[in-house]
Amino acid sequence: MNDEDYGALLLRPLKTGTPDGPTRIDVAKAMGDGLRARRVRTWSTVTAVTAGLAAIVTGGVLVLMPAPAPDEELPQPVLPADVALPSSCTVDTLPAGDAKSAGVTGGDPTGTYLVGATEPVYNGDFDVLVWKNGKLVADVEYEGPRVEMTDINGIGDAVGRSNEGIPKPYAYQGGKVRPMKGIGTPIAINDAGVIAGGTEHAVDEPYPQRWSSWDAEPEPMPLPDGITSGYAFDITEDGTILTALDSVTKTRGAYLWHADGEIEAIAAPAMDIDQPVNVWPIAFRYGWVYAAAGTDAQQSLFRYDPISKFWQKINDEPYSAQLPAGGPQGLFASPKVYIGKEMFALPTVEKYGDDYFMIESLSEDASVIAGSNISSVAADRPVDPMIWRCR
């Protein structure tokens, strides 16, 4: 059973109406699994490199630099600048045409385009919806399996997968939903049309793959020795794919799969724990790689600058706010997102009462945020697509 099937199974009892008493369903996990979405985010073009690195690579050769004297203060790396926190946000419901219910499942880095689905619940319609600047510009029904789009780029092309049986890749391109080649789940698409994703076989271990375009054959990621499986989470505009790879020692590490085929391991951050440090990637955002690190029982949220190789700890509660992309997502009664190092609370709508909210898109400048609400107790209340405009 894959993640989507598990999420659908958890949500199935909601079809019967309002349950007696409080729900026993882990709504956050169910919606996080059933409507998981992975987003493409741009990678900052920061080029400054600290002179205090212990080693640099020149022309493909590792060049060792002199170690600093014991009393010598190490220079601080030049890090990506943080986005300013908004001073205020307004929230609105996005138009959904004739659909009684709809949800957002992805957005492009500028916040111009959003993609979603009608009736985005177990056995729902899943017609493809596209919004541009908050206006509904496409409502496409696909004659075939239900298709859920997971990401859209800055020119309005989207990618996703069938959500029944073995996943098959699909693209929204030229105003139509089109089948892609191979099997698996496209996760993210950049403006050049390069698609990051993975396989989800019924028998074989999953691994990351990419498509150079929506109509290209998938290319599997070459796995380093000792790796048993892996997953893709995000892609940058230069084609670098953020992945997680699992090893035979049962540890998980973060890797960058560069456009030229190079596989770059990201060393885990230093943590005061007596077990191997696992790294669970979440997304490229604001010029950083965001990731949870630690053990199954003890995790912290970090971000990593790919230029200086510098890890920065954010907090010990990785999933207290949302960072839409390929990492774990959930629902919050009071929706919050990470902007830089800060958790930023979003306004809610009074009519939704105790409903939960799931954020699915966060623009790089934090000016456009989008997601959906979901009832906390039953599925007979509609899911609505939401947009927050911030300044």
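The values are calculated or read from the model by the stated rules, or taken from the named source; none is laboratory data. Note that the structure is predicted; figures quoted are calculated from it, not measured. Don't worry about glycine lacking a Cβ; one is built from the backbone with ideal geometry, like all the others, and counts go over all protein chains shown.
Things to note:
- Residues satisfying the stated conditions in region 203-230, i.e. assigned to a loop (DSSP other than H, G, I, E, B) and among the β-branched types (Val, Ile, Thr): VAL203
- There is no residue in region 251-263 that is closer than 19 Å to LEU362 by Cβ and surrounded by fewer than 23 Cβ atoms within 10 Å (Cβ to Cβ).
- Taking the criterion of being under 20 Å from PRO222 (Cβ atoms) and among the acidic types (Asp, Glu), the residues of region 166-212 that qualify are GLU200, ASP204, GLU205.
- Taking each residue of region 147-159 that is buried (at least 24 other Cβ atoms within 10 Å of the Cβ) and looking for partners that are basic (Lys, Arg) with beta-carbon atoms closer than 6 Å, six or more apart or interchain, yields THR150/ARG38; ASP151/ARG39.
- Filter pass, PHE284 being surrounded by 23 or more Cβ atoms within 10 Å (Cβ to Cβ), free of Cβ contacts under 8 Å to residues at least 40 places away in the same chain and closer than 19 Å to GLU342 by Cβ: no
Conditions (1) out of contact with any Pro (no Cβ under 8 Å at 6 or more places or on another chain); (2) free of Cβ contacts under 8 Å to residues at least 40 places away in the same chain; (3) over 22 Å from ALA196 (Cβ atoms), marked per residue:
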| position | (1), (2), (3) |
| --- | --- |
| ALA325 | yes, no, no |
| TYR338 | yes, no, no |
| PRO347 | yes, no, yes |
| GLU350 | yes, yes, yes |
| PHE357 | no, yes, yes |
| GLY371 | no, no, no |
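- Listed by position, the strands (runs of 3 or more DSSP E) contained in region 46-113 that have at least 1 residues being surrounded by fewer than 15 Cβ atoms within 10 Å (Cβ to Cβ) and at pLDDT 75 or above are 89-93.
- For PHE302, the conditions (1) in contact with a Leu (Cβ under 7 Å, 6 or more places away or on another chain); (2) at pLDDT 95 or above; (3) not aliphatic (A, V, I, L, M) all hold with the exception of (1).
- Residue that is nearest to the chain's Cα centre (by Cα) [pool: residues in region 185-202 that are outside any strand (DSSP E or B) and within 19 Å of GLY261 (Cβ to Cβ)]: ASN190
- The set of residues in region 114-128 that are modelled with pLDDT under 95 and of a type in the set (Asp, Glu) comprises GLU119, ASP125.
- For region 216-230, a tally of residues being modelled with pLDDT under 95 and crowded, with 20+ Cβ neighbours inside 10 Å returns 0.
- Qualifying residue in region 266-277 (condition: surrounded by 24 or more Cβ atoms within 10 Å (Cβ to Cβ) and under 19 Å from the mean Cα position of the chain (by Cα)): no
- Total residues in region 114-146, condition part of a loop (DSSP other than H, G, I, E, B), closer than 18 Å to PRO186 by Cβ and in contact (Cβ under 8 Å) with a residue 60 or more places away in the chain: 1
- Within region 294-315, residues that are within 16 Å of ARG252 (Cβ to Cβ) have Cβ atoms under 8 Å from residues that are surrounded by fewer than 19 Cβ atoms within 10 Å (Cβ to Cβ) and among the polar types (S, T, N, Q) in these pairs: GLY294/SER300; THR295/GLN275; SER300/ASN315; LEU301/ASN315; PHE302/GLN312; TYR304/GLN312, counting only partners at least 6 apart in sequence or on another chain.
- Scope region 231-252; condition among the β-branched types (Val, Ile, Thr) and either within 16 Å of PRO220 (Cβ to Cβ) or assigned to a strand (DSSP E or B) (or both); matching residues: ILE235, ILE241, THR243
- Residue list for region 313-329, restricted to those being modelled with pLDDT of 95 or more and in a loop (DSSP other than H, G, I, E, B): ASP316
- Boolean, ASP246 is more than 30 Å from VAL140 (Cα to Cα) and modelled with pLDDT under 95: no
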